[in-house]
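Participant: I am attaching a structure below and will ask some questions about it afterwards.
The values are calculated or read from the model by the stated rules, or taken from the named source; none is laboratory data. Treat the numbers as computed from the prediction; the structure is a model and nothing was measured. No Cβ is skipped: glycine too gets one built from the backbone with ideal geometry, and neighbour counts run over all protein chains shown.
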Amino acid sequence: MRKTLSIAGTELIEMPAVMVKYNPFAEKAGMRRIRIQAPSSNVTKIAELLSKLGLNVDLLGSSRYIVSMLSKMKPEDIAKIKEAFITYSTPRFMKQFSLHLPYGYREEYVKKVKD
């Protein structure tokens, strides 16, 4: 990696935050950490609830894991998750239901979360 950085021909090389978190070797190879953004309090509250319900928040990027875990959950726990996503919504969550809009509409988001 160090050799590649020296011949890349650019001032900056971008590395996704997740890779920096899990691959500290990048810093040893000469990359500098520019910015770490803490999750919003709403995202943290949802993550805490998901953890309490037995989900591993480190695996939330896996749709297979999510489907597997949700299929084993009680309806009342799924209702708690839906309510948390509605109560602690963020523009990033809302955008997932309205890809044609920058942030989506809250009413549309709530309706789709409840479905």
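Participant: Quick one: in region 44-62, which of the residues that are within 20 Å of Thr90 (Cα to Cα) and of a type in the set (Ser, Thr, Tyr) is farthest from the chain's Cα centre (by Cα)?
Facilitator: Residue satisfying both the conditions and the ranking: Ser51.
Participant: Give me the pairs: first residue in region 73-87 and surrounded by 13 or more Cβ atoms within 10 Å (Cβ to Cβ), second residue of a type in the set (Gly, Ala, Ser) and at pLDDT 95 or above, beta-carbon distance under 9 Å, and six or more apart or on different chains, which are they?
Facilitator: Partner pairs satisfying both residue conditions: Met73/Gly54; Asp77/Gly54.
Participant: Name the single residue, out of those in region 51-76 being closer than 24 Å to Arg106 by Cβ and either touching a Leu at 6+ places or on another chain (Cβ under 7 Å) or part of a loop (DSSP other than H, G, I, E, B) (or both), that is modelled with the highest pLDDT.
Facilitator: Among those that are closer than 24 Å to Arg106 by Cβ and either touching a Leu at 6+ places or on another chain (Cβ under 7 Å) or part of a loop (DSSP other than H, G, I, E, B) (or both), it is Ile66.
Participant: Only one residue in Ser98, Ser62 is of a type in the set (Ser, Thr, Tyr) and touching an Asp or Glu at 6+ places or on another chain (Cβ under 8 Å), so which one is that?
Facilitator: Details: Ser62 fails: touching an Asp or Glu at 6+ places or on another chain (Cβ under 8 Å).
The conditions single out Ser98.
Participant: Follow-up. Hey, could you check region 27-40 for residues that are in a loop (DSSP other than H, G, I, E, B) and surrounded by fewer than 11 Cβ atoms within 10 Å (Cβ to Cβ) and say which is modelled with the highest pLDDT?
Facilitator: Here the residue is Ala38.
Participant: Looking at this structure, is Val43 surrounded by 12 or more Cβ atoms within 10 Å (Cβ to Cβ), part of a helix (DSSP H, G or I) and modelled with pLDDT under 80?
Facilitator: no
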